[in-house]
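Report on one structure; see the data block that follows.
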Amino acid sequence: MTIIAFPPIETADEDGLLAIGGDLEPESLLLAYKSGIFPWPINEDILAWFAPPVRAVVFLKDLHISRSLKRELKRGCFETTMDTAFHHVISRCAEVTNRGDQDATWIIPEMLEAYTKLYELGIAHSFEAYFDGELAGGIYGVRLGRFFVAESSFYRKTNASKVAMVALTEYLQQEEITWFDCQAITPFSKSFGATEIPRAEFMKLLAEALSQPKA
């Protein structure tokens, strides 16, 4: 059954856990994102919803692209595309490969199915990096108005996910989107200049972004 309301985000615990249960229907996911909440399954049996006290975001005016990545881009070895292989990108993101100490993934089959539905509705998007004609890396996320949240990325060749991230930021700049949500700081997001802001500040930015029409 579609979720019709979430608890107030201020009731989330210190780790950001707000609620357990519900479903992943498109309407439920859209309500969550518009409310500053995101799903993060604990395992295949427990669907959890989070609204952490601090949120990781990248302000594009502060976007950092390392010198080594700039050299990689200049070499032009990768071809980038948008929305040409969404299912392949999210499926690769669901694999454990290249996830450091992680021995599991939160992108359970139900999540994969749910975000594929969002893609079919034109709400979820993927950015791909190809090397020698093969999908080498990618990133996917969700867009609502001028709000974008980057969900997950993968790579099978060094720098491929970073090249896909650059493609994402170029798209956002073209769409006059000035920042995007990373949810939590990771070495990957931090390398692009991600910073943490209080939940209240995030909610103000979110409300403003949702109130603006697409460019």
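Of the accessible area of segment 8-87, with the probe set at 1.4 angstrom, what percent is carbon plus sulfur?
Solvent-exposed carbon and sulfur of segment 8-87 make up 52 percent of the total.
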Can you put Trp106, Trp40 in order of accessible area, largest first, using a 1.4 Å probe?
-> Trp40, Trp106
Among all the lysines, which ones have a C-alpha under 22 Å from Lys162's C-alpha, if same-chain residues fewer than 8 places away are not counted?
-> Lys61, Lys70, Lys74, Lys190
Enumerate the amide H contacts of Ser153 below 5 Å, restricted to partners 5 or more residues apart or on another chain; note that Pro and chain-start residues carry no placed amide H.
-> none
Would you tell me the accessible area of Tyr155, worked out with a 1.4 angstrom probe on the heavy atoms of the protein chains, in Å² to the nearest 10?
-> 90
For Lys34, go through the lysines and keep the ones whose alpha-carbon is under 18 Å away, minus same-chain ones fewer than eight residues off.
-> Lys117, Lys204, Lys214
Once Lys and Arg are counted +1 and Asp and Glu -1 for all other residues with Cβ under 14 Å from that of Phe86, the total becomes -2
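Counting Lys and Arg as +1 and Asp and Glu as -1, each charge on the Cβ, what is the dipole of segment 102-215 about the Cα centre in debye, to the nearest 20?
220
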Whole-Hz couplings from phi, Karplus 6.51/-1.76/1.60, listed for segment 51-58; x for Gly and Pro | 9, x, x, 10, 10, 8, 9, 10
Report, by chain and number, residues whose modeled amide H sits under 5 Å from the one on Arg55, excluding near sequence neighbours (fewer than 5 apart, same chain).
-> Ile197, Arg199
Sort out for me the Cα centre separation of segment 106-183 from segment 1-46, rounded to whole Å.
-> 21
Karplus (6.51, -1.76, 1.60) ³J(HN,Hα), θ = phi - 60°, over segment 37-48, in Hz, Gly and Pro reported as x = 10, 9, x, 8, x, 6, 7, 5, 10, 10, 8, 10
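Which FRET efficiency, nearest 0.05, do Asp45 and Glu201 yield, Cβ-Cβ r, R0 41 Å?
0.75
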At 1.4 Å probe size, with every protein chain present, just tell me what the per residue accessible area of the chain comes to in Å².
-> 50
Measuring from its Cα centre, the chain shows a charge dipole (+1 at each Lys and Arg Cβ, -1 at each Asp and Glu Cβ) which, in debye to the nearest 20, is 1060
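The values are calculated or read from the model by the stated rules, or taken from the named source; none is laboratory data. Keep in mind that this is a model prediction, so the values were computed, not measured. In this analysis, Cβ positions are derived from the backbone assuming ideal geometry, glycine residues included, and neighbour counts consider all displayed protein chains. Accessible surface areas use protein heavy atoms only, side chains included; no ligands, DNA or RNA. Shrake-Rupley method; radii C 1.70, N 1.55, O 1.52, S 1.80 Å.
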